[in-house]
Amino acid sequence: MSSKTASTNNIAQARRTVQQLRMEASIERIKVSKASADLMSYCEEHARNDPLLMGIPTSENPFKDKKTCTIL
Amino acid sequence: MDQTFLVNVFGSCDRCFKQRALRPVFKKSEQLNYCSLCAEIMAADGLHENETLASLKSEAESLKGKLEEERAKLHDVELHQVAERVEALGQFVMKTRRTLKGHGNKVLCMDWCKDKRRLVSSSQDGKVIVWDSFTTNKEHAVTMPCTWVMACAYAPSGCAIACGGLDNKCSVYPLTFDKNENMAAKKKSVAMHTNYLSACSFTNSDMQILTASGDGTCALWDVESGQLLQSFHGHGADVLCLDLAPSETGNTFVSGGCDKKAMVWDMRSGQCVQAFETHESDINSVRYYPSGDAFASGSDDATCRLYDLRADREVAIYSKESIIFGASSVDFSLSGRLLFAGYNDYTINVWDVLKGSRVSILFGHENRVSTLRVSPDGTAFCSGSWDHTLRLGWAWAAKREL
C-alpha cells in the first residue's frame, strides 16, 4: 500500500470518527432524575404481573411436577 | 415511550438526491442529510482547507470532552437515590428447581421458545438440543460439524432454530417431528463471518437473523437467500453479545464487545446512534430493560451496569467487593425490577435494579454460568453452565422463595 493511500485511509477514518462524535454529541438527552422516575414507574406498573417478583401459587405453576394420587 | 435519540430518516440525499436511508453529516457548522454512500465519499475526500490528520484527531478529542460535559450536565441525581422511596424487596431464598442433563460438555448458550415452554441449548461438543422444560424431555438434537457452538436462538414461530460458533457461520435448522427426517439434512447456511459467531437472534420474524462475531462486526441477514442486508462496523475488537430492542420501540439493537464498548445501532442505516464506554473489561452480555428505554450489561470486570438511553449515560452499577469474577450473562425479570446475572464463580446473583443492592445469590452450578435467560412470560429463569447442565428456577407465592 502506498503511503498516500495509507494516509488517505487514516484521514477517512479520522473524519468518520469526527462525524460519528458530532452526531453523538448532538442527540437530545433528558435528566437522570426524569429517566430514573420513568424506570421506576415502569417497575411499579408491572410489578403485580412479575411472577419472579411476586411468586406463583403452586396450583398455577406450569413447571410443577404432576404427581398422581394413590389411594392407600 | 418515545425515544429522543436521533432516528435516521428516509428521504432525498442532499448530495446525490436519490431516495435512501439518510444519516446526519456535519459540514463546517451546517447539518446535512447524506445517504451512506455519499457520507463515505465525503469521508474519503482529500484534505479540506485547514484540515490535517492532527487537526481531525484533536477535534475528535475535544468532541469526546464535549460529549462527556453534555452528559454530565444532566446527571442531577443517582437512580438509587430516586429509588429510596420505593419499598425494599427483602431477601429471597433461592434454589434450583429442575436440572436438564444431556449435554456432554460445557453449555455455552440457550434461548427460550415463544411458547414459554421449549428451549434450545448449545454446547462445546457441537451438540444443539431442544428441550421441553415442563417434562425435561429432549425433543430434538443435532450435531454441528464444529465444536464450540457459542450461539443459538429459537425462531419466533417455534419452527426453527439457528446456531453457530467456530465454523464462523450461522445456520438455520427447521424443526420437524417426522422421525424419518434427518434434521441436519435440511440445514441452511445463512451468515458468513470471518471469525467465530458469538451471538445470533431472529428479528420479529423467521425471515431475518442478526449476528455478532469475533470479526468485530454485527450483521443482518435474509434467511431465505442468505443475503447480507446490513452490516454494522464500529467495534474495535470481537463483538460478544447483542440484544434486539423490544418491538414497540423500533428498529434498534445493542451490542457489547471486547473493546469494553456497548453500542446501540439503527438497523436500517447501519449507523451507531449511541455508544457507552464505562466498563473496564470485555462486555459478555447485554439485555434491554423491558420498556426499551435502558439496557443492562455484564462484564469481565465483575460488574453489571444499567445504561439509560434517553439520559444517554450509565445510571447504575451492580457490584460488590466480594464479587471478583466476571459476569457472563444477564436478564431482567418481567417488570424490570430484578436483574439476574450469571457469573464465572458458578453463582447467579439477583439484583434490585432500582436500589442497586443484591437481593439473592443462587448456588447449584458446579462450574461457570455461561448463559441465562428469563422465560418469555417471566415465570421462570434458565441458566446454562460449563458443568454440562441447564437449571431452571421459579418463585413460590407464599414465602417469596425462589
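Let me understand chain B better: what is its radius of gyration from the alpha carbons, and its Dmax, in angstrom?
21.9, 72
For B:305-313, what's the mean count of beta carbons from other chains sitting within 10 Å of each residue's beta carbon?
5
Return the distance in nm (one decimal) between the two label points of a simple spin-label model at B:Glu87 and B:His233, each offset 7 Å from Cα along Cα→Cβ.
My value for the distance between the label points is 5.4 nm.
Treating only the Cβ of Lys, Arg, Asp and Glu as charged (+1, +1, -1, -1), what charge dipole size does chain B show about its Cα centre? Round to the nearest 20 debye.
1260
With everything on Cα atoms, drop me the angle between helix B:53-73 and the longest principal axis of chain B, reported from 0 to 90° to the nearest 10.
Helix B:53-73 and the main axis of chain B meet at about 60 degrees.
In what sequence, highest mean first, do A:43-55, B:383-395 appear when ranked by Cβ atoms within 10 angstrom?
B:383-395, A:43-55
What does the average come to when, for each residue of peptide A:53-61, you count the partner chain Cβ atoms lying within 10 Å of its Cβ?
6
So what J values fall out for the range B:217-222 if you push phi through Karplus, 6.51 cos²θ - 1.76 cosθ + 1.60 with θ = phi - 60°, rounded to Hz, Gly and Pro as x?
10, 10, 8, 10, 10, 8
Give a quick list of chymotrypsin sites (Phe, Trp or Tyr not before Pro) in the range B:159-241 that DSSP marks as loop, anything other than H, G, I, E or B, with at most 16 other Cβ atoms within 10 Å.
Passing sites in the range B:159-241 are B:Phe177.
Quick one: which of B:Lys187/B:Lys261; B:Lys57/B:Lys261; A:Lys31/B:Lys27; B:Lys116/B:Lys187; A:Lys34/B:Lys320 span more than 31 angstrom between C-alpha atoms?
Table pairs above 31 Å Cα-Cα are B:Lys187/B:Lys261.
Fewest Cβ neighbours within 10 Å first, please rank B:Ile129, B:Ile161, A:Ile30 accordingly.
Starting with the residue having the fewest Cβ neighbours, the order is A:Ile30, B:Ile129, B:Ile161.
Treat the count of other C-beta atoms within 10 Å as a stand-in for reagent exposure and order B:Lys355, B:Lys73 from fewest to most.
By the 10 Å Cβ count, ascending, the order reads B:Lys73, B:Lys355.
In the protein assembly as shown, how does Rg compare with the Kirkwood Rh, expressed as the Rg/Rh ratio over alpha carbon atoms?
0.99
Here, each number is a calculation from the coordinates, and none is a lab measurement. Keep in mind that this is a model prediction, so the values were computed, not measured. Using ideal geometry, Cβ is built from the backbone for each residue, glycine included, and neighbour counts are taken over all protein chains shown.
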